[in-house]
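The structure under discussion appears below in the form of structure tokens.
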Amino acid sequence: MRVVSSLLAAVLATVAFSAVAADGKDPLEARKAVFKEYKKVFGQGMGAVMKGEKPYNKDEFAALAAQMVDLSKQPWQYFPAGSDKGKTESRPEVWTKPAEFKKAADEHQVLIAKLADAAKGGDLAQIRPAFGAAQKTCKACHEVFKND
Ligand code: HEC
């Protein structure tokens, strides 16, 4: 019994010292999972259409864009202080320059929302530049805040 309770105490201490997101998830795993969805929806879904690798379908494309609006709100809650350890590609700047990081995340969300508006319109002449502008916000943030 004493062994069990000291084991339990050790486990609790570990939990207390590792970062946990507001919803109780492991933040590193949670943000990686969201970015994996980014890759599917933005890259393999919308990006492939933009490159002409997949045919353009107005409703499908608009649905992917709407999904991106949802996704674009999610990663940022999963960067709490202390979650800079482990198998992360985040640079320390995420935590040392939180205002800049938030600004990059905010701009990203604005341009993803604009892309979703363009996607609803169904005019590729509007969608292409909106996609390009949204994609730039990925790169702008990664350049400063993510290791390759
Ligand atoms: C405000 C900053 C920011 C924006 C905007 C952003 N990312 Fe990221 N992204 C990150 C950070 C930081 C990581 C590293 C997460 C970790 O490992 O801790 C990351 C990781 C990723 C990963 C997983 C690692 C990899 O290289 O496979 C993918 C995929 C990704 N981002 C795609 C995107 C795409 C696509 C967009 C735009 C639609 C985007 N990101 C926008 C900051 C951002």
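The values are calculated or read from the model by the stated rules, or taken from the named source; none is laboratory data. None of the values given here were measured: they were computed from a predicted structure. Cβ atoms come from the backbone with ideal geometry, glycine included; neighbour counts cover every protein chain shown. Accessible surface is based on the protein model in full, side chains and every heavy atom, while ligands, DNA and RNA are left aside. Shrake-Rupley method; radii C 1.70, N 1.55, O 1.52, S 1.80 Å.
Between 0 and 90 degrees, rounded to the nearest ten: what's the tilt of helix 124-145 against the longest Cα principal axis of the chain?
With both axes taken from Cα atoms, the answer is about 30 degrees.
Work through the residues other than Phe61 whose Cβ is under 12 Å from its Cβ and net out their charges, Lys, Arg +1 and Asp, Glu -1.
Surrounding charge for Phe61 is +1.
In the neighborhood of Ala21, defined by Cβ-to-Cβ distances under 15 Å, what is the net charge if each Lys or Arg adds +1 and each Asp or Glu adds -1?
+1
For Lys40, what is the net charge nearby, where nearby means another residue's Cβ is under 14 Å from its Cβ and Lys, Arg count +1, Asp, Glu -1?
Once all neighbours under 14 Å are counted, the net charge is +1.
Rank these by accessible area, largest first, 1.4 Å probe: Leu28, Leu111.
Ranked from most to least accessible, the order is Leu111, Leu28.
With 22 Å as the limit, write out which pairs from Lys39/Lys136; Lys36/Lys120; Lys51/Lys120; Lys58/Lys114; Lys39/Lys139; Lys25/Lys85 have Cα-Cα distances beyond it, or answer none.
Lys36/Lys120
Rank these by accessible area, largest first, 1.4 Å probe: Thr96, Thr88.
Largest accessible area first, the residues go Thr96, Thr88.
Please provide three numbers in whole Å: the alpha-carbon extents of segment 2-145 along the principal axes, with the largest listed first.
Principal axes ranked by extent give 68, 30, 22 Å for the Cα atoms.
Could the peptides 29-37, 55-63 be put in order, highest first, of the mean number of other beta-carbon atoms found within 10 Å of their residues?
Highest to lowest by the protection proxy: 29-37, 55-63.
For a label point 7 Å from the Cα of Glu93 along Cα→C-beta, name the residues of segment 127-147 whose backbone N is under 15 Å from it.
Inside the label zone: 137-147.
What is the magnitude of the charge dipole of the chain about its Cα centre, with +1 placed on the Cβ of each Lys and Arg, -1 on the Cβ of each Asp and Glu, and no other charges, expressed in debye to the nearest 20?
On the way: 23 positive and 18 negative charges, 42 e Å.
The calculation lands at about 200 debye.
At 1.4 Å probe size, put Arg128, Arg91 in order of accessible surface, largest to smallest.
Working: Arg128 115, Arg91 65 Å².
Final ranking, largest accessible area leading: Arg128, Arg91.
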